[in-house]
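The values are calculated or read from the model by the stated rules, or taken from the named source; none is laboratory data. These numbers come from a predicted model, not from an experiment. Using ideal geometry, Cβ is built from the backbone for each residue, glycine included, and neighbour counts are taken over all protein chains shown.
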Amino acid sequence: MEFFADCEWRKKNVIRCVIADDHILVRQALLYALARDGDLQFVGAFDDARQAANSAIKERADVLILDVAMPGSSSFDAARLAKKSNPNLKVIFLSGYDDDVFIRRAIEAGAHAYVLKSSDAQELKFAIHKAHRGEKHIPMADRFFNRPMEDTSLDSLTVREREVLRLLAEGKTVKDVAILLSLSGKTVEAHKSNLMRKLDLHNKAELVQYAIAHKVIFVNVPNVF
């Protein structure tokens, strides 16, 4: 992570931002491009969504900028966590994917903006300022107008079941998951059984395929802003 407490341009009405992207070059490029805006102050940059969310809470940030596809913590769950602690926090998702599943999950997680990485820095700046004013910047959201969002079985899972699903799909064993989540092996087995039943999955291969198809885990393709 990187902190910017030594910046000399703290001033009134500045927009305090925290950013998360798992590629350090992308983080550096974003910070370089955005720091020229005197109204923006970056108080933290991270390679993990949960760490960024915790920082946004601690630092009382105005805007949390999250890459949608990072290994480790779910960006969508991190957004919910941060907004639960600070309802006034505005969340912007950066994405290399113009994908209905991502967009829908971002909206459900309380996104004020969804910016594609194929955009330029000016659009991201525009989205930050717009979100800070409480306005939405999700141009592709009109795809969902006048038609219901597709329901998915994933919505039937609890937050803990989604965590177990993600970790198992990433190749962790039940014992590994128990250690990572500070649970007993028996409890993890129960969560695994419940999520397999709810999703109508019957083996590990189906579980992994489901997780990839529903963007619970991601194929690690480098993103370039």
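Contact list please: Cβ distance under 7 Å, first residue in the stretch 168-190 and closer than 19 Å to H202 by Cα, second residue buried (at least 16 other Cβ atoms within 10 Å of the Cβ) and of a type in the set (K, R), pairs at least six apart or on different chains.
Partner pairs satisfying both residue conditions: L168/K192; V174/K192.
For the stretch 76-85, does any single residue satisfy the condition of being in contact with an Asp or Glu (Cβ under 7 Å, 6 or more places away or on another chain) and either surrounded by 19 or more Cβ atoms within 10 Å (Cβ to Cβ) or closer than 18 Å to K130 by Cβ (or both)?
Taking every residue of the stretch 76-85 in turn, none turns out to be in contact with an Asp or Glu (Cβ under 7 Å, 6 or more places away or on another chain) and either surrounded by 19 or more Cβ atoms within 10 Å (Cβ to Cβ) or closer than 18 Å to K130 by Cβ (or both).
Being basic (K, R) and without any contact (Cβ under 8 Å) to a residue 40 or more places away in the chain is the filter; apply it to the stretch 81-100 and report the residue that is nearest to S118 (Cα to Cα).
K83
Taking only the stretch 86-119 into account, find how many residues are of a type in the set (S, T, Y) and either within 20 Å of A213 (Cβ to Cβ) or crowded, with 16+ Cβ neighbours inside 10 Å (or both).
Final tally of qualifying residues: 3.
Of the residues in the stretch 162-198, how many are over 17 Å from S73 (Cα atoms) and either in a helix (DSSP H, G or I) or not assigned by TED's automatic domain parsing to the domain that holds Q209 (or both)?
Counting residues in the stretch 162-198 that are over 17 Å from S73 (Cα atoms) and either in a helix (DSSP H, G or I) or not assigned by TED's automatic domain parsing to the domain that holds Q209 (or both) gives 16.
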